[in-house]
1. Considering only residues that are at pLDDT below 95 and part of a strand (DSSP E or B), which ones fall in segment 64-93?
2. Do you know which residues across segment 100-125 are assigned to a loop (DSSP other than H, G, I, E, B) and touching a strand residue (DSSP E or B) at 6+ places or on another chain (Cβ under 7 Å)?
3. What single numbered condition from (1) at pLDDT below 85; (2) in contact with a helix residue (DSSP H, G or I) (Cβ under 8 Å, 6 or more places away or on another chain); (3) more than 27 Å from residue 128 (Cα to Cα) fails to hold for residue 99?
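The values are calculated or read from the model by the stated rules, or taken from the named source; none is laboratory data. Since we're looking at a predicted model, the values are computed, not measured. When we count neighbours, we look across all protein chains shown, and the Cβ atoms used for this are built from the backbone with ideal geometry, even at glycine.
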């Protein structure tokens, strides 16, 4: 089956799926659905898309959705495990090397989340949780 890109689909892809004006290299589920609808709108009525092709594309879309759901669940679980590890460090003495190569040591006073990672707050500085090299009571 030959499908010619329509002006609508081309302009959608050129604008990026997030609507930010930049070109996106990822085909998200919204873009996938729009392209599928454009294919259906502009297919040759004398040579329509075969059922197996259509079902194959729908199966791929469903797999994409399931992978995105799984990715979100794994990300959440990983963050919960990191928080649990950080809570276990409260009141304990830790040592580690910071991002700038500086050695830090001290008692864990608090934890904070910087939007991506858990940060261990010491009396005299901060370490990312993955930078902790030694733990003592």
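1. Answer for segment 64-93, where residues must be at pLDDT below 95 and part of a strand (DSSP E or B): there is none.
2. So the first thing to find is which residues in segment 100-125 are assigned to a loop (DSSP other than H, G, I, E, B), and the list is 100-102, 108-109, 114-117, 123-124.
Correct list: 108, 109, 117, 123, 124.
3. (3)
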